[in-house]
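Below is one structure, written out as structure tokens; comments come after it.
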Amino acid sequence: MARNQNRWKIQLGAAIASNPFLCNFFQGKIYRGKLKGLCVPGLNCYSCPAAAASCPIGSLQAVIGSSKFQFAYYVTGILILIGVLLGRVVCGFLCPFGWFQELLHKIPTRKFSTKKFHILTYLKYAVLLLFVIVLPMTVVNEVGMGDPFFCKYICPAGILEGGIPLSAADAGIRASLGWLFTWKSCILLGVIVLSVFFYRPFCKWLCPLGAFYGIFNRISVYRIQVDREKCTACGACSRVCKMDVDVTRSPNSAECIRCGDCAVSCPHRAISKTFSMKTADKKEVIT
């Protein structure tokens, strides 16, 4: 199958740019400098020892769960800006945890399609609404602070990038580990096993950041365009798409991560990636 062979280089660069302080892994400490006041575009845990900036989902929950809650203008504004400009390009090129799942999927074994589980793609919107917004805002303690429910109880990136490295390097942290560490380790293990057999299961079914960016896919400036004059509806693009998108009918589906495999696989060069302010035109929709 045709693939965008250079995408991994951008993914590697994005992972390093998000996590440049690699020496912190050996020291068991977290970088707490001024850069932590900024957010990276992808899912990358604040508690990762190498992380230079904050995770947007974690930052959003921190504000929502604060006892002095005010609307998270900065974080929400950044997310909306990225969504309007790029959509889920972030998922396909800039998210370290998304790349981690892709690397696991390269392990030689039998692979399975997720098309029959398409209904599970709606779960990530429920996770975004319930665990990222509603619960941190409404379930609060005696001083009015809410837990970051997604980060605390679900996020497998947090245990992979933060929990495991920090506990491995610090005996005090290891001694304080409890049921929550075990629970999230089980979630991570489940994601790892599923990623070997299914392509990006966490991205497809559970990731609230992917859900947020996906909302903007149909209106984002960066988009996939199909030229109906060249397209013969041969289906090559949809067969190569691991995100189960029907490219000719819905090239800017909320599930598309803009990886570019469809454009590379098209024998008629009918598919292109472009920056456009138009949400739809005769070249984008095949009937």
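The values are calculated or read from the model by the stated rules, or taken from the named source; none is laboratory data. Because the structure is predicted, anything quoted here is derived from the model rather than measured. Every residue, glycine among them, receives a Cβ derived from its backbone with ideal geometry; neighbour counts consider all protein chains shown. Note: accessible area is taken over every heavy atom of the protein model, side chains too, but ligands, DNA and RNA are not part of it. Shrake-Rupley method; radii C 1.70, N 1.55, O 1.52, S 1.80 Å.
What percentage of the solvent-accessible surface of the stretch 43-151, computed with a 1.4 Å probe over protein heavy atoms, is contributed by carbon and sulfur atoms?
Carbon and sulfur: 72 percent of the exposed surface of the stretch 43-151.
Pick out the long, greasy-scoring helices in the chain: whole DSSP H runs spanning 20 Å or more along their own axis by Cα, mean Kyte-Doolittle at least 1.0. Walk me through the numbers on the way to the answer.
Details: long enough: 179-197 (28 Å, 1.92).
Taking the DSSP H segments of the chain (at least 20 Å long, mean hydropathy at least 1.0), we get 179-197.
Given Cα pairs under 8 Å that are at least 6 residues apart, what percent is the relative contact order of the chain?
23 percent.
Among LEU135, THR248, ILE219, flag the residue with its Cα farthest along the positive direction of the charge dipole of the chain, charges on Cβ as +1 for Lys/Arg and -1 for Asp/Glu.
Among LEU135, THR248, ILE219, the one farthest towards the positive end of the dipole of the chain is THR248.
Would you mind checking the stretch 45-66 for residues with the amide N under 15 Å from a putative spin-label position 7 Å along Cα→C-beta of SER176?
The answer is 47.
Compute from the Cα atoms of the chain the Rg and the Dmax, the latter being the longest Cα-Cα distance, and quote both in angstrom.
19.6, 65
Express in Å², to the nearest 10, the accessible area of THR138 obtained by rolling a 1.4 Å probe over the protein heavy atoms while all chains stay in place.
Accessible area of THR138: about 90 Å².
Between PHE97, PHE112, PHE21, which gets the highest mean-square fluctuation from a Gaussian network model of the chain, Cα cutoff 10 Å?
Top of the fluctuation ranking is PHE112.
Label-point separation (nm) for LEU103 and TYR73, each offset 7 Å from Cα along Cα-to-Cβ?
3.9 nm
Order of 35-44, 78-87 by packing, highest average Cβ count within 10 Å first?
Highest to lowest by the protection proxy: 35-44, 78-87.
Beyond 21 Å between alpha-carbons counts as too far, so tell me which of LYS29/LYS152; LYS9/LYS152; LYS36/LYS124; LYS36/LYS273; LYS29/LYS124; LYS9/LYS242 fall in that bin.
In this structure, LYS9/LYS152; LYS36/LYS124; LYS36/LYS273; LYS29/LYS124 exceed 21 Å between Cα atoms.
Calculated from DSSP H runs of 4 or more alone, at -39500 (n - 2.57) each and per residue, what is the 222 nm mean residue ellipticity of the chain, nearest 500?
Numbers: 15 runs with 116 residues, N = 287.
Computed ellipticity for the chain at 222 nm equals -10500 deg cm²/dmol.
Can you list the residues of the stretch 90-127 with backbone N under 20 Å from a point 7 Å past the Cα of LEU189, pointing along Cα to Cβ?
Label zone hits: 101, 104-105.
Less than 13 Å apart at the alpha-carbon level, and either on another chain or at least 8 residues along: which aspartates and glutamates does that give for LYS34?
none
Quick one: ranking GLU229, GLU102 by accessible area, 1.4 Å probe, largest first, what do you get?
If we order GLU229, GLU102 from most to least accessible, we get GLU229, GLU102.
Using the per-residue mean of other Cβ atoms lying within 10 Å as a proxy for protection, in what order, highest first, do the peptides 124-130, 201-207, 142-148 fall? Walk me through the intermediate numbers first.
Working: 124-130: 17.4, 201-207: 25.3, 142-148: 13.7.
Listed from highest to lowest mean packing, they are 201-207, 124-130, 142-148.
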